[in-house]
Structures are given as C-alpha cells and as structure tokens.
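S.K.: I'd like to ask you about the structure that follows.
The values are calculated or read from the model by the stated rules, or taken from the named source; none is laboratory data. For clarity, every value in this text was computed on a predicted model and none was experimentally measured. Reconstructed Cβ throughout: ideal geometry from the backbone, glycine too, with neighbour counts over all protein chains shown.
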Amino acid sequence: MRKYVLLMFLFLLGCNNNFNDLNDFIAHQKTKPVKPIDPLPQLKPHEVFEYNASAARDPFSNDLEVVDEVEQAALAVNEDGRGPDLTRRKEFLESYPLDSLLMVGTYQQDEDYWALVVDPEGTIHRVAQGHYLGHNHGLVTAIYENEIQLQEWINDGLGAWRERGAAMALKEE
C-alpha cells in the first residue's frame, strides 16, 4: 500500500500548473517583427495573334477535300467502273468491323424501319436504309424486323472490287 501512496504522490508532483516556459515562448514570438507578404507577380499581357490564313481551307469544316483528276484516276475501280465511292466521307459505324456490331432491335417510323445497332463501346446507334456499316463499305440495302441486309465491296488485292451480300441478324437474349 505504501508503494501506491508513493506512486500517487510522485504522479501528483509531476502535474503542476507551471506554464512559465510556454508563456515566455509566446511573448518572445510576439516581439519579433512580422515578415511582409511577397507581392503578387506581375501578369504579362498575352500576345495578340492575328489569323492570316482565312483564305485557306477551314480546319474545322466537314467539307470533303476536292479530289483532282489524277487522284480519281488512281482510284480507278474495276474495268466496268463498279466499286465503292472512295471519295465519300465515312460514317461513324464504318470504323468498326461488321462482326463487332450487334443489332439489338428495330422500330418503325411511318413506313420506314430503323435498326438499333450497338457498337463495341456499348453506344446504341440508329441505322436506316442507305447508311453504311463495317470496314468493307457495307451499304444498308434493307431493314427487316429481325435482320439488316447489306451490300459490301471487297478488294481482291489487285485493284479490283467485287460485290458481296451480307446480313446482320437480331441478337436474341
């Protein structure tokens, strides 16, 4: 029991309320001069840029570039003149292979059918007859309740094109 009394006495001895050293430190800090705040940096005026290429082609326009006769000759198709229009602007769904696109439904507006096609990122696109799908210049020729019919142009590697029919069936769940 004496041990506990002695420990209690030592414990209470360590708990005095002497904050003199803390008060001295605070008083010393208050006597120091305050450092001034650095001024804000000067803003430099921006250079004015004058756009002088207004006569050149607008980089933001969607116009197709004009293809001259030399390039058109280079784009020659079969001897009978058949083949895809290589000067046509590609549609968004032509950037995916046909087998990566999924037909998930159709709807009818007036007398026309529209197909709903999902791209690999999961975005649903509305497709009508006359639109293009897939890498092989696939023209949508008909849309039915359960399939999309296309006409594709396949390059034989020798500069000639051949036409091929393709279809995309409705995805069954």
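S.K.: For segment 156-168, give me each residue that is surrounded by 11 or more Cβ atoms within 10 Å (Cβ to Cβ) and either of a type in the set (Lys, Arg) or in a strand (DSSP E or B) (or both).
M.R.: Correct list: TRP161, ARG162, GLU163, ARG164, ALA166, ALA167, MET168.
Residue-wise test of (1) modelled with pLDDT of 90 or more; (2) under 12 Å from PRO84 (Cβ atoms); (3) not acidic (Asp, Glu).
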| residue | (1), (2), (3) |
| --- | --- |
| HIS125 | yes, no, yes |
| LEU133 | yes, no, yes |
| ILE148 | yes, no, yes |
| TRP153 | yes, yes, yes |
| TRP161 | no, yes, yes |
| ALA166 | yes, no, yes |
| GLU172 | no, no, no |
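S.K.: I'm trying to understand the selection: among the residues of segment 132-145, which are of a type in the set (S, T, N, Q) and either in contact with an Asp or Glu (Cβ under 8 Å, 6 or more places away or on another chain) or surrounded by 15 or more Cβ atoms within 10 Å (Cβ to Cβ) (or both)?
M.R.: Across segment 132-145, the qualifying residue is only ASN136.
S.K.: Does segment 132-150 contain at least one residue that is closer than 24 Å to ARG89 by Cβ, of a type in the set (A, V, I, L, M), in contact (Cβ under 8 Å) with a residue 24 or more places away in the chain and not in a strand (DSSP E or B)?
M.R.: For segment 132-150, residues closer than 24 Å to ARG89 by Cβ, of a type in the set (A, V, I, L, M), in contact (Cβ under 8 Å) with a residue 24 or more places away in the chain and not in a strand (DSSP E or B): absent.
S.K.: Can you tell me which residue within segment 99-131, out of those that are under 20 Å from ARG162 (Cα atoms) and out of contact with any strand residue (DSSP E or B) (no Cβ under 6 Å at 6 or more places or on another chain), is surrounded by the fewest Cβ atoms within 10 Å (Cβ to Cβ)?
M.R.: Of everything passing the filter in segment 99-131, GLY130 is surrounded by the fewest Cβ atoms within 10 Å (Cβ to Cβ).
S.K.: Kindly indicate the residue of segment 1-50 that is among the polar types (S, T, N, Q) and assigned to a helix (DSSP H, G or I) and also modelled with the lowest pLDDT among those meeting that condition.
M.R.: Residue satisfying both the conditions and the ranking: ASN20.
S.K.: For SER61, are the conditions met, namely being among the hydroxyl-bearing types (Ser, Thr, Tyr), under 30 Å from HIS131 (Cβ atoms) and at pLDDT below 85?
M.R.: Criteria met by SER61.
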